[in-house]
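The values are calculated or read from the model by the stated rules, or taken from the named source; none is laboratory data. Keep in mind the model is a prediction, meaning the values are calculated, not measured. Ideal geometry is used to build each Cβ from the backbone, glycine not excepted, and the neighbour counts take in all protein chains shown. Heavy atoms of the whole protein, side chains included, go into the accessibility calculation; ligands, DNA and RNA do not. Shrake-Rupley method; radii C 1.70, N 1.55, O 1.52, S 1.80 Å.
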Amino acid sequence: MITEDLLAKEFIRVVEHYYPQVGELLQGCYVKVITSYWGRPPKRLQYIGIYCPDWMLSGIQSNKDALTEVAENMGLAQVVCLNATRLLRDPCSKLSDTDPRLWLDLQWLAT
């Protein structure tokens, strides 16, 4: 079975190959495959989460169609763009407790 980390790296590689300008934008972002379960009976859904800083969010959003096309061709459900700066500044966020590695990576990314 392909792990989520390998799937995220493959997504980045495919985007860089087919859409080089978008691939350059992804170099400043944290890309993660997120697995969730939805429905009855629970169905596993995997989607791409792109964590990017404030100033880069509009560039990623404008190329979301290309990113969604690649994700769907890889069998992933969707692409979600998340503002890393806002997530880190949220006082109610439990990210530092639940996933400290992601929290540290986002700290590095947002500064």
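General observations
- Euclidean distance between Cα centres, segment 57-111 to segment 1-29, Å: 13
- Whole-number accessible area per residue in Å² for segment 50-103, which is evaluated in the context of all protein chains at 1.4 Å: 61
- Each residue of segment 69-82 was assigned a 3J(HN,Hα) from its phi angle through the Karplus curve 6.51 cos²θ - 1.76 cosθ + 1.60 (θ = phi - 60°); the sequence is 4, 5, 4, 5, 5, 8, x, 9, 6, 6, 10, 10, 9, 10 Hz, with glycine and proline shown as x.
- For the chain, share of DSSP beta bridges that run antiparallel, in % to the nearest 5: 65
- Restricting segment 27-111 to trypsin sites (Lys or Arg not before Pro) in coil, as DSSP defines it, with at most 16 other Cβ within 10 Å: LYS94
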